[in-house]
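The values are calculated or read from the model by the stated rules, or taken from the named source; none is laboratory data. Since the structure is predicted, the reported quantities are computational estimates derived from the model, not experimental observations. All Cβ positions, even for glycine, are placed from backbone atoms using ideal geometry, and neighbour counts span all protein chains on display.
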Amino acid sequence: MGEVADGIGGREASGKLRVGVVGGGAAGFFGAIACAEASPSADVTLFEAAREPLGKVRVSGGGRCNVTHHCFEPRELVGHYPRGGKALRGPLTKFQPRDTIDWFADRDVALKVEADGRMFPTTDDSETIVACLMRAAKRSGVRLLTRTPVKNIRRDPEEADKIDKTGEMGLGQFVVTTRDGTQTFDRLLLATGSSRKGYTWAQQLGQTIAEPVPSLFTFQIDDRALHELAGISVAEAIVSVPETKPHQNLTQAGPLLISHWGLSGPAVLKTSAWGARFLHDRGYRTEIRVNWLPDWKPEALRSKLQDLRQREARKTIATFSPFGFSRRLWLYLLDRADLDPKLQWAQLPKAKLNRLVDRLSRCEFQVTGKGQFKDEFVTCGGVRLKEVNFKTMESRVCPGLFFAGEILDVDGVTGGFNFQNAWTTGWLAGRAMAKSIS
Ligand SMILES: Cc1cc2nc3c(=O)[nH]c(=O)nc-3n(C[C@H](O)[C@H](O)[C@H](O)COP(=O)(O)OP(=O)(O)OC[C@H]3O[C@@H](n4cnc5c(N)ncnc54)[C@H](O)[C@@H]3O)c2cc1C
């Protein structure tokens, strides 16, 4: 239930400097808490449009919340961000996954790591994270206004003018309008995630925006025989987009899952993330290649199949799958190589054997669209990074304005990297706002 905003607050009324945070998601909460904890002279108000804040935290990681990733080397961490990795390197030396773990541990929430490096609360319940953030916000004195969508943000022209002329940071330069009236703030953190309004306000306040497009999606492939294999996965495959160049990073390894509409799983999601803009520009239509057996070089595959020709000469090629695939997937791959499953191994001529090697190591698919991945989805694009000082997260074009989380042109692959961006940039912004006040 939201508190009612009390009209025009101010330094005179409260004796404190006023900090507004727009957006009660992971980044907004972290920013608001970090600011309130660091400066007792900050009066922090957090605006959230929804009835319940932290909506994405709640649904994240299939309801378990993949809070961060078990990787403590900033240089390595940044390799998981298709956009913004370079800019995040400095911030990650200040607040990285180890700090996230400690932050939650200090507030009685333990995280655990899974085999692939993803970290979750030991309760396996995202409500633990939500409750922790709510408690921390309350304890630190953050005034949380839920069901309070911000309708407008503008800079007070007199204050803005003073700052622009003298460089001196004035008071009350940001005027925030909600249905309850207007409030003025001395510092403002925009943490509205991928909301259109957030981008518009950022633009009105002088930022430029890299066009927002989706990232982390599955590939739609119109192949009924493939759809019939829905649910089958392979532990390690390589997905690549032949049309692209190596520096575009569109060759990605990982588990691959066949779905009712095409291909999914980490290898596809990573490819979609690195290729978010390329794929958007192509209307999500492109050719991809799948290497179903990345541990096998084509020559090794060829000699294994030649060996089978000798050793299993009388058995049909469909009898068993020699590479540990499910039999149905093996039959599909035989079909893709135009091989009659009734053929005996001994009857497999060289040309057909080579065709099979080709389908196993570079099987082509035509992507015809993008499906939405329900577990994790993020936006590529947002506030351009060169206009933000990543030491403080303050705008370089509008003093006193800060950014954190997904509103920035930063996005990671799946695995907890997107929340880590929200924690890191939120924490930095909160601390910097507090410091600028004291
Ligand atoms: C289904 C799903 C699952 C995910 N799972 C994971 C995961 O397990 N691990 C991971 O690292 N990442 C995950 N992500 C990505 C992650 O959730 C986001 O990167 C992260 O939430 C971004 O945080 P944020 O605070 O910047 O933005 P958001 O979480 O989007 O928060 C923005 C907030 O601003 C509010 N807001 C917007 N406009 C206004 C307004 N006008 N006035 C007031 N409030 C406003 C919104 O209501 C929202 O609460 C997942 C995403 C999705 C969609």
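Restricting attention to segment 171-189, which residues are within 14 Å of the ligand (Cβ to nearest atom) and touching a helix residue (DSSP H, G or I) at 6+ places or on another chain (Cβ under 6 Å)?
Residue satisfying the conditions is Leu189 alone.
If I go through segment 281-301 residue by residue, how many of them are buried (at least 18 other Cβ atoms within 10 Å of the Cβ) and either out of contact with any Phe, Trp or Tyr (no Cβ under 9 Å at 6 or more places or on another chain) or basic (Lys, Arg) (or both)?
Qualifying residue count for the region: 1.
Looking at this structure, is Phe29 under 22 Å from Ala110 (Cβ atoms), in a helix (DSSP H, G or I) and out of contact with any Ser or Thr (no Cβ under 8 Å at 6 or more places or on another chain)?
yes
Please give the number of the condition Lys86 fails out of (1) closer than 30 Å to Phe278 by Cα; (2) touching a residue at least 12 places away in the same chain (Cβ under 8 Å); (3) in contact with a helix residue (DSSP H, G or I) (Cβ under 7 Å, 6 or more places away or on another chain).
The single condition Lys86 does not satisfy is (2).
For segment 33-51, enumerate the residues that are more than 7 Å from the ligand (Cβ to nearest atom) and either in contact with a Ser or Thr (Cβ under 7 Å, 6 or more places away or on another chain) or within 17 Å of Leu145 (Cα to Cα) (or both).
Ile33, Cys35, Ala36, Glu37, Ser39, Ser41, Ala42, Asp43, Val44, Thr45, Leu46, Arg51
Quick one: is Gly55 farther than 22 Å from Val150 by Cα, modelled with pLDDT of 95 or more, surrounded by fewer than 18 Cβ atoms within 10 Å (Cβ to Cβ) and not charged (D, E, K, R)?
no
Where residues in segment 325-349 are among the small types (Gly, Ala, Ser) and free of Cβ contacts under 8 Å to residues at least 60 places away in the same chain, which of them is surrounded by the fewest Cβ atoms within 10 Å (Cβ to Cβ)?
Ala346
So which residues in segment 200-232 are surrounded by fewer than 16 Cβ atoms within 10 Å (Cβ to Cβ) and within 15 Å of Gly265 (Cα to Cα)?
His227, Ala230, Gly231
For the condition more than 26 Å from the chain's Cα centre (by Cα) and either surrounded by fewer than 22 Cβ atoms within 10 Å (Cβ to Cβ) or not assigned by TED's automatic domain parsing to the domain that holds Leu229 (or both), what is the one hit in Arg431, Arg355, Arg396, Arg384?
Arg355
Can you pull out the residues in segment 32-42 that are outside any helix (DSSP H, G or I) and surrounded by fewer than 24 Cβ atoms within 10 Å (Cβ to Cβ)?
Ser39, Pro40, Ser41
Kindly evaluate Ala237 against the criterion of being touching a Leu at 6+ places or on another chain (Cβ under 6 Å), under 23 Å from Ala337 (Cβ atoms) and assigned to a strand (DSSP E or B).
yes
So which residues in segment 170-216 are in contact with a Ser or Thr (Cβ under 8 Å, 6 or more places away or on another chain) and assigned to a strand (DSSP E or B)?
Residues satisfying the conditions are Phe174, Val175, Val176, Thr178, Gln183, Phe185, Arg187, Pro212, Val213, Pro214, Ser215.
Check every one of the helices (runs of 4 or more DSSP H) wholly within segment 52-167 and list those with 1 or more residues that are away from the ligand (no atom under 15 Å from the Cβ) and assigned by TED's automatic domain parsing to the domain that holds Val383.
The helices (runs of 4 or more DSSP H) meeting that bar are 74-77, 85-94, 97-106, 126-139, 157-166.
For Asn389, work out the one condition from (1) touching a residue at least 12 places away in the same chain (Cβ under 8 Å); (2) more than 24 Å from Arg118 (Cα to Cα) it doesn't fulfil.
Exception for Asn389: condition (1).
In the list Asp124, Asp116, which residue meets the criterion of being exposed (fewer than 15 other Cβ atoms within 10 Å of the Cβ), over 30 Å from Cys398 (Cα atoms) and touching a Gly at 6+ places or on another chain (Cβ under 8 Å)?
Just one listed residue meets the conditions, Asp116.
Testing Phe219 on (1) part of a loop (DSSP other than H, G, I, E, B); (2) over 25 Å from Ala422 (Cβ atoms), one condition comes back false. Which one is that?
Of everything listed in (1) part of a loop (DSSP other than H, G, I, E, B); (2) over 25 Å from Ala422 (Cβ atoms), Phe219 misses just condition (1).
Any residue at all in segment 406-419 that's of a type in the set (A, V, I, L, M), within 16 Å of the ligand (Cβ to nearest atom) and either more than 28 Å from Phe278 (Cβ to Cβ) or without any contact (Cβ under 8 Å) to a residue 40 or more places away in the chain (or both)?
Scanning segment 406-419 turns up no residue that is of a type in the set (A, V, I, L, M), within 16 Å of the ligand (Cβ to nearest atom) and either more than 28 Å from Phe278 (Cβ to Cβ) or without any contact (Cβ under 8 Å) to a residue 40 or more places away in the chain (or both).
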